[in-house]
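The values are calculated or read from the model by the stated rules, or taken from the named source; none is laboratory data. Computed from a predicted model, the values in this text were never measured in an experiment. As a convention, Cβ positions derive from the backbone with ideal geometry for all residues, glycine included, and neighbour counts pool all protein chains shown. Ligands, DNA and RNA are stripped out before the accessible areas are found, and what is left, the full protein with its side chains, is counted by its heavy atoms. Shrake-Rupley method; radii C 1.70, N 1.55, O 1.52, S 1.80 Å.
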Amino acid sequence: MSSVLIHAIEAESALETLLWGDPQTLRDAANDATEERVNVLQIDVLVLDNRDVWYEFEMRRRLSEPETVVFVLRFTAETGFQDNCVASLKIADRTFTAPLDADGVATLTVPERAVLDPKSKRPLKPYFVGLTCA
Amino acid sequence: MTTTAFTPQQIHDLVARHTPAGTPPGYCAILELIIRRNLRRGRVARVQRKSGTPLREYLPEYVERVVRFRREEYGAWLRAQHPDQHAGLYQTLLALAGKVAPHYAWVPDNGLAAEDIASEAFFALIGQGRLCAYPFDTPLTDWLRQFVWLRARRLSQSGPSRRVVTVRLTDLNEESTLSLPSTCLCGKSGCNCQEQHLDHSTGLLKLRPTNQEVARLWAEGYTVEQTARTLGLTVAAVNNRRARIRQALSQSA
């Protein structure tokens, strides 16, 4: 079992920019007359088992689902992945996990309250992106 | 963050044009991600400005560079991340820092020592994972030279990064006896921890996760206010947590 977890600082900055303000701002991010809005938060690399694994970290907001935020982690490795890899996203103290599909994509549906601090109305931090392969 | 007018499809087409037929799709996909990341981070624009060619016309040339340096430097870049190679990487940084240090003789308290610059660069590259930021558009050694210059400039500025303490690489869970200066955890302005030798890996492990995070940010030079903002805590809470961290570290030392 090998595992790596890295601090996604760039994604935090991107979220700060996108979600600054009250929860309405978060909802407005999806509210530009399209059902779904996609923002790429970060493109970066991590090293697992002595090979580089690149990932694209997206946030998706759906007009019809204002209470949830969908994070998509799309991993790419030169030789692909074995069947049993699991992506994790740690936001503040909460960890969300999802298995990688055949295309190396993990989709994590996160409640809005896990993304925005209910008091300060600011995005919760820090963000860590991880990958575990058996 | 820098946005660009290039779509992923355009990058895909450019990469396809500049790689030999039969190149595995996974390899091309990584090249595309490298270029998109470099565009987002403004790296391409910075390199392009030096060339004097408009970005749209420059991009094919840039793609060619990434294709070339990914091929030529990949092995060295990956090896440099391996713990077995860290002593060698440090020696490389030390040699580069030796040429930079004389330019910082003006810094108070006898200027910047090459060892301090090399250690600061090493800590950022390995301890903070900045080696992953290598853009594959220039030889690795050239990029490391630029990196050493940037870290020297950072060290020459006032603030927490000037306060250094020797920590062992066990902090990074690596089996190496190499010691390096890092940001001081004594937490008082103007403190001088240069003579202290702490191995705080055990102490840090005893801390609760949030306190470990506070300690990590502290070591990175975050102020109390910045830490509070980053972790969503109050300033008083950060001060309390720092006190507990200091206590834990002094016990483990």
Inter-centroid distance (Cα atoms) of region B:58-118 relative to region A:60-75, Å: 39 Å
C-alpha long axis of helix A:9-19 to longest principal axis of chain A, angle in °: 20 degrees
Contour minus Cα-Cα distance for B:Thr234 and B:Gln146 (0.36 nm per residue): 27.9 nm
Computed [θ] at 222 nm, deg cm²/dmol, chain A (DSSP H ≥ 4; -39,500 (n - 2.57); rounded to nearest 500): -3500 deg cm²/dmol
Full-extension gain in nm, B:Arg71 to B:Arg130, via 0.36 nm per residue minus C-alpha separation: 19.2 nm
Protein heavy-atom accessible area occluded, B/A pair - total, 1.4 Å probe, Å²: 2200 Å²
Theoretical FRET efficiency, 1/(1+(r/R0)^6), r = Cβ-Cβ of A:Leu63 and A:Ile9, R0 25 Å, to 0.05: 0.30
Interface residues, region A:35-57 - accessible area loss of 20 Å² or more versus chain alone, probe 1.4 Å: A:Val40, A:Ile43, A:Asp44, A:Val45, A:Val47, A:Asn50, A:Asp52, A:Trp54, A:Glu56
Solvent-accessible area per residue, Å², over region A:2-129 with all protein chains present [probe radius 1.4 Å]: 44 Å²
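Per residue, what volume in Å³ does the Cα convex hull of region B:8-76 take up? Walk me through the numbers before you get to the answer.
Values: hull volume 6.3 nm³, N = 69.
Given the Cα convex hull of region B:8-76, per-residue volume reads 92 Å³.
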Overall Cα dimensions of region B:1-131, principal axis frame, Å, largest first: 54, 35, 22
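With every protein chain kept in place and ligands, DNA and RNA left out, what is the accessible area per residue of region B:8-76? Probe 1.4 Å, answer in Å².
Numbers: 3510 Å² over 69 residues.
Here the per-residue accessible area is 51 Å².
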